[in-house]
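The values are calculated or read from the model by the stated rules, or taken from the named source; none is laboratory data. All figures in this text were calculated on a predicted structure; none of them were measured in a lab. Using ideal geometry, Cβ is built from the backbone for each residue, glycine included, and neighbour counts are taken over all protein chains shown. Ligands, DNA and RNA are excluded from the accessible area calculation, which covers all protein heavy atoms including side chains. Shrake-Rupley method; radii C 1.70, N 1.55, O 1.52, S 1.80 Å.
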Amino acid sequence: MTRLLAMVWPSLRAPDADLTSFEPMLNRLDDLSPRVEAVDAGVALVDVTGLGPLLGDERRIAARAVMLARGVAPLPVRTGTGDNRWLAVLAARLARPERPDAPATFRALAVDELAALPLDLLPADPSTRQRFALFGLTVMGELAALPRSAVGAQFGTAGERLQQLARGEDPRPLVPRRRPERLTRRARFDPPVDGVGATALALRRCCAELCDVLRGRHLAPGRASLRIVLEDAPELRVELILPAPVLESDWIARLLIGRLEQAARTRRPESQAEAEEPRVGAIALTFDRLSDPASRQLPAFEAAAGRWEELRWSLERLTARFGEGRLWRAVQDRPTASLAERRSRLVDIGPSTS
């Protein structure tokens, strides 16, 4: 028997809700079950079939899911279980907290409990609800008891679908989301090394290893993310978005090092410019947004943005090769000046930080 767990975050259901934490929470739920579906914003379904012998009863399984999700964002959540997606989501909607400040609620819903529930819980449009009222139908049991042919004659296909739900029938399968693939390489330093600049060799090695793995699979990264674990200081994170999938490990490492050094300088106040840099204990390099390096297509309606990404990539490579203060662009800010040399000036492009 299939058992599904529905999770509903009410705060993420609002029209202006910040959904940045939703995807990371789904990623954490993958640790509970490989079959997770994002039904809608703030609504997820998890296939928990067969997890009982490992984790206990369904309340404990739901508590485990809540713990994983709250590890990303401590948002209140409603949970429910059922034999299909309709019963599970309805159970989560009906779950009520045992106390007002409870961070999570749980309810298991069986098919025989539907008969006493009001028809307002069905996903019917206002006109269908009015017709239900005209026929004196108020609870799901009354709709479920009618012959299917009579419901189809009066309410059409939509009515037959609602009757199925009132009977607890939902043939729609769970459609697991495809988790974005990413590859990570880590390097630990024992003892820790002095400063972020000392990690260059290990970073190049991690880049080369990841590129070798992806080359064998005919894939290339579209983004590189680097995390630096420091002693007695908050960790550093830098990100490099590539305009096209590439497997140039040396250039990726150089650009990441450049951004890393710039992030370290930005974090350190001017008053501590001469202070000793924190020691580095470990690095973690992640490649994601993987795709075929042979297939390259700029956004259909954002050609200018795509060309700027290519230009920025080229400028960063030139900066990494020749150093800062070597790239300039002409700006014409006084086109009506009497002297030609005063009509334009040179501006240092500088390193790209976006």
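Listed values, structure above:
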quantity: Residue-level accessible surface for GLU23, protein heavy atoms, 1.4 Å, Å²; calculated: 80 Å²
quantity: Per residue accessible area of the chain, 1.4 Å probe, in Å²; calculated: 57 Å²
quantity: Of all accessible heavy-atom area on the chain, the percent that carbon and sulfur account for (1.4 Å); calculated: 52 percent
quantity: Solvent-accessible ranking of TRP251, TRP328, TRP9, largest area first, probe 1.4 Å; calculated: TRP328, TRP251, TRP9
quantity: Descending semi-axes in whole angstrom, ellipsoid equivalent of the chain, from the Cα gyration tensor; calculated: 54, 27, 20
quantity: Long-range tail of P(r) for segment 140-193 (Cα pairs > 16 Å, %); calculated: 62 percent
quantity: Top positive-direction residue, dipole computed over the chain with Cβ charges, set PHE189, ALA95, GLN262; calculated: GLN262
quantity: Potential lengthening between ASP112 and ASP250 on full extension [0.36 nm per residue; Cα-Cα distance subtracted]; calculated: 43.3 nm
quantity: Dimensionless Rg ratio for segment 84-193, taking C-alpha atoms and the 2.2 N^0.38 Å reference; calculated: 1.68
quantity: Global geometry of segment 118-163, whether rounded, prolate or oblate, following the gyration tensor of its Cα atoms and the 1.5 cut on a/c; calculated: rounded
quantity: Burial order of peptide ranges 112-125, 36-49, 237-250 (average beta-carbon count within 10 Å, highest first); calculated: 36-49, 237-250, 112-125
quantity: FRET E, pair GLN262, LEU55, Förster distance 51 Å, beta-carbon r, rounded to 0.05; calculated: 0.65
quantity: Neighbourhood net charge (9 Å Cβ-Cβ; Lys/Arg +1, Asp/Glu -1) for VAL238; calculated: +2
quantity: Amide H contacts of ALA282 (H built 1.01 Å from N, under 5 Å, at least 5 apart or other chain); calculated: PHE189, VAL229
quantity: Extent along principal axes [Cα atoms of segment 1-53; Å; largest to smallest]; calculated: 40, 18, 14
quantity: Residue-by-residue Karplus 3J(HN,Hα) for segment 53-66, coefficients 6.51, -1.76, 1.60, Hz, glycine and proline x; calculated: x, 8, 10, x, 6, 5, 5, 5, 5, 5, 5, 5, 5, 4
quantity: Solvent-accessible surface (1.4 angstrom probe) belonging to ARG129, in square angstrom, nearest 10; calculated: 80 Å²
quantity: CD proxy at 222 nm, helix term only [per DSSP H run n ≥ 4: -39500 (n - 2.57); per residue of the chain; nearest 500]; calculated: -11000 deg cm²/dmol
quantity: Near-label residues of segment 168-190 by backbone N, under 20 Å of a point 7 Å along Cα→Cβ of THR2; calculated: 168-179
quantity: Whole-Å semi-axes of the ellipsoid equivalent to segment 1-95 (Cα gyration tensor, √5λ, descending); calculated: 20, 14, 11
quantity: Cβ-Cβ FRET estimate between ASP31 and ARG342, R0 fixed at 51 Å, reported to 0.05; calculated: 0.20
quantity: Cβ charges +1 (Lys, Arg) and -1 (Asp, Glu), total dipole of the chain, debye; calculated: 560 debye
